[in-house]
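The values are calculated or read from the model by the stated rules, or taken from the named source; none is laboratory data. Computed from a predicted structure; not experimentally measured. As a convention, Cβ positions derive from the backbone with ideal geometry for all residues, glycine included, and neighbour counts pool all protein chains shown. Areas reflect the complete protein model, heavy atoms only, side chains present, ligands, DNA and RNA absent. Shrake-Rupley method; radii C 1.70, N 1.55, O 1.52, S 1.80 Å.
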Amino acid sequence: MLFSKYLGRLRSVLVVPNGDVYFSTSNRDWNPQPGFPRLKDDIIYRLHPTNILSKDPILPTKPEAKIAKSGKELYKAYCGSCHKENGEGLAPSFPPLSRSAMVNGSEQILIKTILNGLSKKEINGTKYEGAMPSFSFLKNEEIASIATYIRTHFSNQAASVNANSVQSNR
Ligand code: HEC
């Protein structure tokens, strides 16, 4: 918890007999966003007691208050790894959401796709290798924000979606 804010994703932790703690970071992705991987993404750290006081200590941070996230942030967190931040997807695995007939079409079909996931559908003559997972664990408001975001970005032009419509499609 103390380090993840500074160092990203942490993986294995090992305590050796003299009490030193080793841990590794794992910030590389099989499906990297632009600008990744970075040079210092994956490193093994050692924690060792010392009397030398750091000029720049890492101090515990208070847990952040939960603030509602925007459609853009939610899209980035839940959809961006596959459909990419620019909505262009990644052939032959993930279809683009940009100019997608489904995204611009009936809100009911779009909401059901986000809630239930999708697989083996042919989209514009292409069968995609991946499957789309279900996002029914997200709140109605969150799905409405994501749906509205993708319907009004990436060259798409469709009406926004509200939380009541999501609820009535559950
Ligand atoms: C793990 C990868 C993955 C994630 C994460 C993901 N999707 Fe998908 N999505 C897919 C795949 C693969 C398909 C195509 C599935 C098929 O038809 O075989 C797809 C299809 C779609 C389609 C249909 C596109 C069309 O033109 O018919 C929409 C809309 C969509 N996803 C929206 C979303 C949204 C919104 C999110 C985030 C809440 C999301 N996806 C997260 C992989 C993903």
Exercise. Of all the residues that make up the stretch 92-102, how many are in contact (Cβ under 8 Å) with a residue 24 or more places away in the chain and either near the ligand (Cβ under 7 Å from one of its atoms) or at positive phi (or both)?
Worked result: 6
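Give the residue, chosen from Gly19, Gly89, that is on the phi > 0 side of the Ramachandran plot, open to solvent by less than 100 Å² (accessible area, probe 1.4 Å) and not assigned by TED's automatic domain parsing to the domain that holds His153. Give the steps one after another, and end with the answer.
Values: Gly89 fails: not assigned by TED's automatic domain parsing to the domain that holds His153.
Step by step, each of Gly19, Gly89 is checked, and only Gly19 is on the phi > 0 side of the Ramachandran plot, open to solvent by less than 100 Å² (accessible area, probe 1.4 Å) and not assigned by TED's automatic domain parsing to the domain that holds His153.
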For this session: Tally the residues that are assigned to a strand (DSSP E or B) and either exposed (fewer than 12 other Cβ atoms within 10 Å of the Cβ) or touching an Asp or Glu at 6+ places or on another chain (Cβ under 7 Å) (or both), restricting the search to the stretch 127-144.
Result: 1
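Which one of these is at pLDDT 75 or above and either farther than 21 Å from Gly89 by Cβ or outside any loop (DSSP other than H, G, I, E, B) (or both): Thr50, Thr61? Break it down into steps so the answer makes sense when it comes.
Working: Thr61 fails: at pLDDT 75 or above.
Criteria check complete, one pass: Thr50.
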For this session: Restrict the check to the stretch 103-114 and report whether at least one residue is closer than 26 Å to Arg28 by Cβ, free of Cβ contacts under 8 Å to residues at least 40 places away in the same chain and under 15 Å from the mean Cα position of the chain (by Cα).
Result: no
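Of the residues His153, His83, which is open to solvent by less than 90 Å² (accessible area, probe 1.4 Å), more than 10 Å from the ligand (Cβ to nearest atom) and either within 22 Å of Gln33 (Cα to Cα) or more than 17 Å from the chain's Cα centre (by Cα) (or both)? Explain how you work it out, then say what you get.
On the way: His83 fails: more than 10 Å from the ligand (Cβ to nearest atom).
Residue meeting the stated conditions: His153.
Are any residues in the stretch 66-124 part of a loop (DSSP other than H, G, I, E, B), in contact with an Asp or Glu (Cβ under 7 Å, 6 or more places away or on another chain) and modelled with pLDDT of 95 or more, and if so, which ones?
First pass over the stretch 66-124, keeping only residues part of a loop (DSSP other than H, G, I, E, B): 66-70, 79, 84-89, 91-93, 95-100, 105-106, 117, 119-121, 124.
With the extra rule that they be in contact with an Asp or Glu (Cβ under 7 Å, 6 or more places away or on another chain), the set shrinks to 92-93, 96, 98.
Residues satisfying the conditions are Pro96, Ser98.
This table checks each residue for (1) within 15 Å of Leu7 (Cα to Cα); (2) free of Cβ contacts under 8 Å to residues at least 60 places away in the same chain.
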{"site": "Leu39", "(1), (2)": "yes, yes"}
{"site": "Arg46", "(1), (2)": "yes, yes"}
{"site": "Pro49", "(1), (2)": "no, yes"}
{"site": "Pro57", "(1), (2)": "yes, yes"}
{"site": "Ala68", "(1), (2)": "no, no"}
{"site": "Lys72", "(1), (2)": "no, no"}
{"site": "Cys82", "(1), (2)": "no, yes"}
For this session: Output the number of residues of the stretch 125-145 satisfying the condition of being within 16 Å of Glu88 (Cα to Cα) and within 14 Å of the chain's Cα centre (by Cα).
Result: 1
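For every residue, the table says whether it meets (1) closer than 15 Å to Gly80 by Cα; (2) in the same structural domain as Ser100 (by TED's automatic domain parsing); (3) out of contact with any Pro (no Cβ under 6 Å at 6 or more places or on another chain).
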| position | (1), (2), (3) |
| --- | --- |
| Tyr128 | no, yes, no |
| Ser136 | no, yes, yes |
| Ile146 | yes, yes, yes |
| Tyr149 | yes, yes, yes |
| Phe154 | yes, yes, yes |
| Val161 | no, yes, yes |
